[in-house]
Amino acid sequence: MSSNSNSFLPRLRSVFYARFDEYRGPEIAYQVPEGLIASSAGFISAGVSPTPSGSSRASSIILLPPDRSSESRVKPSPRKSSFSSNRTLLNFDDISKYIIAQSPLCGRLVTCTAGIYKVLGFPVELLGNYERYYFRFNICFVFDASADLSCYEPIVRKVNRVLTACEEESSFLSSPETSFKIHAILEQLYEDLNSYSETSIPIDNFNSIELKIFPFYPNPPPVKDWMVPVALIRFDNIMEQNWDLTMAKVCKYIDGTNHVARIAHLADCDIVLTRQAIGHLLYYQVIMTIDIFQYSNMYTLRKSIQWLADETHVKEECGPYVIKEGRSIPDWPKLLHLYSRMRPGKTIFEWMQDHDVRSLGIDIRRFASFGVIKGFLRRVYCWPMLLTDEIQQPLESKSTTLPPSPSPLTSRKRASSLSVAPHATLTRPRRRPSEVAPVFATVNEHSTSGTVSPPPRVAEASLGTLRSRAGPPSPQTIRVREPRRHSTTTPASLFEIAQALAGPTEPRLHVVRPRLSRSPSSPVVKTQANGAAPSSTPVLVSQPLAYPPSLVPLLDGEHHTDELCCRFEVGRPTLERWLVAVGEGSGDGDFGKVLIIYR
């Protein structure tokens, strides 16, 4: 395994065994390759002492017993020549207090960085019948400082724990008769982990080191309902009968076009379980996610196009992937030119018309997906944002002039809205979203289609108009009471008052509000009053809102159109009509108070 390979596993630079010697203190007993970790204790064992003769370290060497002389350290290994190097990675003395650590750090993973290298160890302290009543050691692994060591953490922990068990059972590390075997163990660790990412090392009749490195993949992004999974492998070749039921059902519908919510519907699976299944596939990097393809999408190039345009694999794969079967494949400069014409503000449909893409036999969905998958094309999302926190009723304000009336209603708060100065413009009071009144429609005897009646205050203004039509102002008093629970609704009561003021020539209607059990998005249901003929009897029609009320809080610039379409299970044209209704725009790209942000 080379250091510059495309593997997720970092390369092991060195491995060494450090211990606390009763006479020398912390030292490196063995290392592979040899000579890469510089240490004053290592030079001493070789017969070269950089310390003054009067130093305490030099005097400790004189007191070294003959049987504890580092025979194995002085004697080179049979493969020393293959590992020798004039270059040192780091100095052991600088990090010795973290390698042979004090008691609070023992039994824990310790990582220390020295220059451009990183050392990962697991210091161990054993109490027992030792010369200093304890024995400390550590098997350490050296990597590049930028390496991710997540996959090696369990390896280092297991190696030290196995050797701890060997020491407790047979004094494998502290006994001079067996401690020299550590060098052979380090050599096999270094060679096998770098070459095969696994190893099996027998130690004695009862203990062995069995290791296998499993790469730690980065955590995948949260799975959203509008993401479209694209398979990077063939699931048919690896799928088995003992797979998880949800996973087996979900994989059947991963085709690069179905988004997560649609996959859950087609597979008849719970949406939460579907997200978890997609998340597992993302973690093991067998799929990737792209955006939902629509002809209203917008795309633009990334900076990576500067070098990806010259990559051989991009040139060779693009044509066969994006061209329909049976059509001639254009050359790469032509396809690259089409990619360069994609920009924010221009939809896929407009881009197709401007460059006559269909005549080239290009599969538009594959053309856009190829750029997103290779990383040189990105989606430009539309983020709608309502510029005001207030919801405007989809009704036009009308200017109403009422003649002066001597009615004493002006002294009542409830009837104050009926006294309007001449030529005054009636304005609607602002309401919170939770206070929006229901919208009703009434049909008179001269009309066959329902018209939406204004809210109560606008109806009161219409009452003044009817009074002006009935004749000069009269001193009669109109008292508008709060409706009782068992009475009809306020719009119906005002309708009766308006009919009474209009004169005896117009028929009086008694309209009862029907109770409809349906969802806001179901068709309009007309209910006839008193069982009369539909052609001559006014009816009350429950008119649904032009948009779902829960849409408005989501228009904060943090939810793009793909998310909104998946949440409300509608297409892009329906969502645009809702945005026009919310923003009171004129349509055809004009959303009124709804601002569209492209990013």
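The values are calculated or read from the model by the stated rules, or taken from the named source; none is laboratory data. Treat the numbers as computed from the prediction; the structure is a model and nothing was measured. Note that each Cβ is placed from the backbone with ideal geometry, even for glycine, and that neighbours are counted across all protein chains shown. The protein model used for the area step is the full one, side chains on, heavy atoms only, and it has no ligands, DNA or RNA in it. Shrake-Rupley method; radii C 1.70, N 1.55, O 1.52, S 1.80 Å.
Okay, here's what the table says:
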{"read-out": "Simple label model, 7 Å out from Cα along Cβ direction - residue 169 to residue 347, nm", "value": "7.3"}
{"read-out": "Convex hull per residue volume in Å³, alpha carbons only, for the range 247-374", "value": "134"}
{"read-out": "Accessible area expressed per residue, the range 118-244, with surrounding protein chains retained (probe 1.4 Å, Å²)", "value": "52"}
{"read-out": "Protection proxy ranking, peptides 132-139, 251-258, 309-316, average beta carbon neighbours within 10 Å, highest first", "value": "132-139, 251-258, 309-316"}
{"read-out": "Rounded percent of accessible protein surface that carbon and sulfur make up, the range 547-599, 1.4 Å probe", "value": "51"}
{"read-out": "Positive-pole candidate from 127, 95, 149, dipole of the range 93-150, charges at beta carbon", "value": "127"}
{"read-out": "Estimated dipole of the range 236-387 in Debye, rounded to 20 [Cβ of Lys and Arg +1, of Asp and Glu -1, Cα centre]", "value": "560"}
{"read-out": "Scattering profile of the range 196-260 at q = 0.28 Å⁻¹ [log10 I(q)/I(0), Debye over alpha-carbon scatterers]", "value": "-1.21"}
{"read-out": "Spin-label model distance (nm) - residue 144 vs residue 210, 7 Å beyond Cα toward Cβ", "value": "3.3"}
{"read-out": "Cβ-derived FRET efficiency at R0 35 Å, residue 294 paired with residue 270, nearest 0.05", "value": "0.85"}
{"read-out": "Carbon/sulfur fraction of accessible area - the range 108-249, other protein chains in place, 1.4 Å, %", "value": "50"}
{"read-out": "Reciprocal mean inverse distance between Cα atoms of the range 262-307 - Kirkwood radius, Å", "value": "13.4"}
{"read-out": "Heavy-atom accessible surface of the range 261-389: percent carbon and sulfur, 1.4 Å", "value": "50"}
{"read-out": "Cut-off under 5 Å, modelled amide H: who pairs with residue 117 long-range", "value": "145"}
{"read-out": "The range 155-217 - convex hull of alpha carbons, volume per residue in Å³", "value": "77"}
{"read-out": "Residue-wise HN-Hα coupling along the range 370-384, computed from phi with Karplus coefficients 6.51, -1.76, 1.60 (Hz; x: Gly, Pro)", "value": "4, x, 5, 5, 6, x, 9, 10, 9, 7, 9, 8, 9, 10, x"}
{"read-out": "Volume in Å³ per residue [convex hull over Cα atoms, computed for the range 197-305]", "value": "182"}
